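No value in this document is a laboratory result; all are computed from the given coordinates. What you see is a predicted model; the values in this text were computed from it and never measured. Cβ coordinates were reconstructed from backbone atoms using ideal geometry, including for glycine residues, and neighbour counts include every protein chain displayed.
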Amino acid sequence: MISVGSVLAAPITSEVKNEGGEDEEFNVTEMIMHHVTDAHDFHILDWKGNAVSFPLPIILWTENGLVTFMSSEFHHDDSGKVVVEKDGQKFVKYHEEIYYASETPNADGSYITMGEGDHPSNAAPMDFSITKLVFSMFLSILLLVLIFGLSARKYDKAGVPKGIAKFTEPLVVFIRDEVAIPNIGEKKYAKYMPFLLTLFFFIWINNIMGLIPFFPFSANLSGNIAFTFVLALITFVITTVVANKDYWKHIFWMPGVPVPMKIFLAPIEFLGIFIKPISLMIRLFANITAGHIIVLSLISLIFIAKTVWVSPASVFFSVFISVIEVLVVAIQAYIFTMLSALYIGSAMEEHEH
């Protein structure tokens, strides 16, 4: 069986023409990974051999304290060849990671010393930079505040929604009636509605922002495992805190089954406590990342085949997958929210034996 990870690990290259008409290697794997991973700036386009990007602040905690500067000082270099000197310290950027520069350059002009496993052995400062994923997350938070701030004001005295509230109210009612009440119960659902609504709209808005191809601040936030890990961790913490004695009893000493079976089921149920949030984390991460990789792979077929005749099929299937992705991003937000409500509700459920 060939995994997606093994395919992406193997470089797929093709020859393309640069501006001088010379053959230049086009690395498909590098291009795809560049678009789905985090970065210290927003690369918008290349113009006459120069990169046009939106710089973001670099925030480093070094041996001499706090150091800040803009990512534009690296001149869009990601190979460790451009050195930025601040407060008597020299920094280079290599594969979107920032390291202390080596004293002397290598034969290729880079200031990175490679160690075992072809990984840099340079020391690295603590990086608290505002990367494009962090910037995108802050932007989505502002959008959430703006959307629901306006929605709250778009009700008349009779409580009839107007304007944007006509769009947001059905979604809020849907989360309440189809997610919160069935999974948590009518008596306890209201306490968790703010969390479930924030979860659904936060994931959905970030998913949509990552789909817009020409949006200058588009980022694959939900395709970052750290982002989905934190969301799943919050669900795990809430589930663990609100769990009642029946929940723990069904995990460690399940009633109504023979003692040998209880001993057999207890470790499995205990592992299930952690498997549930892990499945939440991986499901969202894998589905969103897979969609981006498929679209970029289809576009890359034009360069791999080295013929313009592939472009109609490549563009058609790319658009087709993108349309499906519009549904997927909403479905994934719904599934994450629904399963979170299910886990919380099951932890508080009262059992009669």
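Using a 10 angstrom cutoff on alpha carbons, build the Gaussian network for the chain and name the most mobile of 193, 126, 137.
Sorting by GNM fluctuation, first place goes to 126.
In whole Å, what are the extents of the stretch 210-272 along the principal axes defined by its C-alpha atoms, from largest to smallest?
For the stretch 210-272, the Cα extents along the three principal axes come out at 61, 22, 15 Å.
For labels at residue 73 and residue 245 in the simple 7 Å Cα→Cβ model, what's the distance in nm?
Computed distance between label sites residue 73 and residue 245 equals 6.1 nm.
Quickly estimate the mean residue ellipticity at 222 nm for the chain, helices only: each DSSP H run with n ≥ 4 gives -39500 (n - 2.57), and the total goes over all residues, rounded to 500.
Helix-only estimate at 222 nm: -17500 deg cm²/dmol.
I'd like the distance between the alpha-carbon centres of the stretch 321-353 and the stretch 63-107, rounded to an integer number of Å.
43
Could you tell me what fraction of 2.2 N^0.38 Å the Cα radius of gyration of the chain comes to, as a two-decimal ratio?
Compactness ratio reported: 1.21.
Write down the Kirkwood hydrodynamic radius of the stretch 137-197, to one decimal in angstroms, obtained as one divided by the mean of 1/r over all alpha carbon pairs. Kindly include the intermediate steps, with their values, before the conclusion.
Details: mean 1/r = 0.0786 Å⁻¹.
Taking every pair of different Cα atoms in the stretch 137-197, averaging 1/r and inverting gives 12.7 Å.
Students often check this: by mean Cβ neighbours within 10 Å, which of 338-345, 266-273, 200-207 ranks highest, and how do the rest follow?
200-207, 338-345, 266-273
Rounded to the nearest 20 debye, what is the charge dipole size of the stretch 51-130 about its Cα centre when +1 sits on each Lys and Arg Cβ and -1 on each Asp and Glu Cβ?
Value, rounded to 20: 200 debye.
For q = 0.09, 0.10 Å⁻¹, what log10 I(q)/I(0) does the stretch 56-213 give under the Debye formula with an equal point scatterer on each alpha carbon and no solvent?
-0.53, -0.60
Using only the alpha-carbon atoms, how far is helix 132-153 inclined from the longest principal axis of the chain? Give it as 0 to 90 degrees, nearest 10.
Once rounded, one gets 40 degrees.
Just to verify a number: FRET efficiency for residue 150 and residue 97, C-beta to C-beta distance, R0 = 41 Å, to 0.05? Provide the component values of the computation, followed by the final result.
Details: r = 40 Å, r/R0 = 0.97.
Step by step, r from the Cβ atoms, then E = 0.55.
Just to verify a number: FRET efficiency for residue 118 and residue 266, C-beta to C-beta distance, R0 = 30 Å, to 0.05?
0.10
Any chance you could give the angle, 0 to 90 degrees and rounded to 10, that helix 165-174 forms with the longest Cα principal axis of the chain?
60
Please report, in debye to the nearest 20, how large the charge dipole of the chain is about its Cα centre when each Lys and Arg carries +1 at its beta carbon and each Asp and Glu carries -1 there.
In debye, rounded to 20, the chain gives about 1860.
Could you go through the stretch 55-66 in sequence order and give the Karplus-derived ³J(HN,Hα) for each residue, using 6.51 cos²θ - 1.76 cosθ + 1.60 with θ = phi - 60°, rounded to whole Hz, and x for Gly and Pro?
Each residue's phi maps through the Karplus curve to give x, 10, x, 9, 10, 10, 9, 10, 5, 9, x, 6 Hz.
Does anyone have the angle between helix 259-305 and the longest principal axis of the chain? Alpha-carbon axes, 0 to 90°, nearest 10?
40
Over the Cα atoms of the stretch 211-316, Rg to Rh with Kirkwood Rh, two decimal places? Let's see the in-between values first.
On the way: Rg = 22.4 Å, Rh = 17.6 Å.
In the stretch 211-316, Rg relative to Rh is 1.27.
Quick one: of 81/132; 93/132; 157/191; 86/132; 188/276; 187/245, which pairs are farther than 24 Å apart, Cα to Cα?
Violating the 24 Å Cα-Cα cut-off are 157/191.
With +1 on the Cβ of every Lys and Arg and -1 on the Cβ of every Asp and Glu, and nothing else charged, how large is the dipole of the stretch 90-168 about its Cα centre, in debye rounded to the nearest 20? Please list the in-between numbers first.
On the way: 8 positive and 8 negative charges, 238 e Å.
Roughly 1140 debye, rounded to the nearest 20.
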